[in-house]
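Working notes, beginning with the structure itself.
The values are calculated or read from the model by the stated rules, or taken from the named source; none is laboratory data. All values derive from a computational prediction rather than experimental measurement. As a convention, Cβ positions derive from the backbone with ideal geometry for all residues, glycine included, and neighbour counts pool all protein chains shown. Heavy atoms of the whole protein, side chains included, go into the accessibility calculation; ligands, DNA and RNA do not. Shrake-Rupley method; radii C 1.70, N 1.55, O 1.52, S 1.80 Å.
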Amino acid sequence: MIETAPKMLEISNLSKNYGQNHVLKDVNLTVRQGEVVCIIGPSGSGKSTFLRCINLLEQPTAGKIYYREKNVLDHSLNVSAYRQKVGMVFQGYYLFAFKNVIDNITMAPISLLKKSRAEAEEEALTLLTKVGLANKKLVYPASLSGGQKQRVAIARALAMHPDLLLFDEPTSALDPELVGEVLKVMKNLADEGMTMVVVTHEMSFAREVADRVIFMEGGYIVEQGKPTEIFENPQNERTQKFLARYLK
Amino acid sequence: MNLKWGDALHTLGPSLIQGVGVVLEATIISFLLANLIGLLVAICRLSKLKISRGIFVTLVEIIRGTPLLVQLFYIYYVIPLLLDGLFESLGMSNPNIQFSALAAGIAGLSINYGAYISEVFRSAILTIDRGQKESGLALGFSARQVLRKIVIPQALRNSIPVLGNYLVMMIKDTSLLAVISVSELLLRTQTYASQTFETIESYTILAVVYLILSLPLSHIMKLIEKKFHISN
Ligand SMILES: Nc1ncnc2c1ncn2[C@@H]1O[C@H](COP(=O)(O)OP(=O)(O)OP(=O)(O)O)[C@@H](O)[C@H]1O
Ligand SMILES: [Mg+2]
């Protein structure tokens, strides 16, 4: 079914250099609507850089990115409008420290989508309920646990009604006992049909939730396929080595 | 020693109360202007334009490299002469420009403190976590909106403790305005002491008045700082 869904993101021959450091080399990826793509790979393989190129937090050195058939690297593109459609959740949460939970969520909808405060707050409350934090709406980020912060960060991204959500190791900074609550929220999103690209080290999440798993190493996509293909029958020797270390 | 505390309090006291009014007026206006100048300079210094950065770096260096006392003389005595020359060369006869002493004093304090406060704001802006900016950008805010809505509000809040210290310092520095004849506390005291020779009484009273002005403020600042640490 997903194989015939419209293309959301089409990336071809993407590369990114930092001076002499070639971090991404000829990366190609198509993401279709409703698809969940998980990216795995060792540290320094370029996973974060790849996500950051997708929403233009980094400017790619070469290659093409099309979002719903529109050229994202065209200079006439309204970058802010594009980013409103492509949400991002970071490893470090980055909630706005000086605003309470509900204001964190309503800030962008009020000033960018021109929603009234009442409407934005009502929606924010619905989202908070969805991530299980309705009772924390007036609390400041400093007094939340890591897992709670990350769930608020997800609600904040959702408040912009994105088409696509990028996650960069959303659970890597969390204490082990808090990982589950965040993964559960992400799994619910996937079940609702959200299109997601998730960089993660949580192999069981990738296996269970992903439609496609991508293994990156040294700036290349080494191998990709269905979770069962990648985890049970990896073709490439480097994938096998990486998984052998992770799935012990 | 025959000290005339009663006389001094009776005559100098009311005059000093008026002086306190002048000090508060000078401090409040100068402090607001200094913050405004500081913020504008900080933003210009962070701009991508090399010229804008260069100009403001130089200005801040000039202000920080010369004493406030000299700046006050310069604004009060030199700048009117320069303006006279300018207007004469434009064909005006005998322009004879003069600033009121208080206005010159406020200008001097605002600019001098503005230069220092710009450094406070600049480093506060630079220390805001990169992630805060990136999460703003990722939500779809423009770089300018991120600066205005996310970076600057946090930088201002983080600057509050340091600004409090500058406020207390500024109250005390208004005594420098005496040299350009602003009737603030020091000038009033000097005048009284030289007329009556009640030197010990006059300057002791003066010191106490400054303490009464600055101690409660320092205390309030400490409370704010404490509250601030908790909310952070
Ligand atoms: N701004 C930058 N300037 C220079 N080099 C960078 C920059 N950002 C990343 N790199 C380099 O690019 C390479 C890939 O980094 P990246 O963060 O994309 O890896 P990653 O796969 O996300 O790793 P991790 O699992 O540790 O998060 C690294 O060698 C890193 O040092
Ligand atoms: Mg990374």
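Structure data summary
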item: Taking the C-alpha atoms of the stretch A:79-118, convex hull volume expressed per residue in Å³; result: 86 Å³
item: Rounded to 5, percent antiparallel among DSSP beta bridges of the protein assembly as shown; result: 55 percent
item: Under 29 Å from the Cα of B:LYS48 - lysines, other chains or at least 8 residues apart; result: A:LYS16, A:LYS64, A:LYS85, A:LYS99, B:LYS133, B:LYS149
item: Solvent-accessible area per residue, Å², over chain B with all protein chains present [probe radius 1.4 Å]; result: 55 Å²
item: Amide hydrogen neighbours beyond the local backbone of A:MET216, cut-off 5 Å, H modeled; result: A:ILE40, A:GLY41, A:VAL222
item: In degrees, nearest ten, helix A:237-246 long axis to first principal axis of chain A (Cα); result: 40 degrees
item: Normalised convex hull volume, the stretch A:68-192, alpha-carbon set, Å³ per residue; result: 118 Å³
item: Debye intensity ratio I(q)/I(0), log10, chain B, q values 0.14, 0.18 Å⁻¹ (C-alpha model); result: -1.00, -1.28
item: Helical segments meeting 18 Å axial Cα length and Kyte-Doolittle -0.5 threshold in chain B (DSSP H); result: B:5-45, B:50-64, B:101-126, B:152-173, B:199-231
item: Peptides A:90-98, A:77-85, A:150-158 ordered by average Cβ neighbours within 10 Å, highest first; result: A:150-158, A:90-98, A:77-85
item: Residue-averaged beta-carbon neighbours from other chains (10 angstrom radius) around A:95-107; result: 3
item: With every protein chain in place, chain A: carbon and sulfur % of accessible area (1.4 Å); result: 48 percent
item: Nonlocal amide H pairs with A:VAL89, under 5 Å, H built at 1.01 Å; result: A:LEU166, A:PHE167, A:ASP168
item: Debye intensity ratio I(q)/I(0), log10, the stretch A:1-141, q values 0.09, 0.12, 0.18 Å⁻¹ (C-alpha model); result: -0.38, -0.65, -1.14
item: Where chymotrypsin sites (Phe, Trp or Tyr not before Pro) fall in DSSP loop in the stretch B:1-89, at most 13 other Cβ within 10 Å; result: none
item: Helix axis angle, A:101-112 relative to chain A longest principal axis, alpha carbon, degrees; result: 80 degrees
item: Angle between chain A longest axis and helix A:176-191 axis [Cα atoms, degrees, rounded to 10]; result: 90 degrees
item: Cα convex hull of the stretch B:111-196, projected area averaged across orientations, nm²; result: 6.9 nm²
item: Rule-of-thumb Rg ratio for the protein assembly as shown [Cα; 2.2 N^0.38 Å; N residues]; result: 1.36
item: Geometric extent, Cα atoms of the stretch B:160-232 - Rg, Dmax (angstrom); result: 16.0, 54
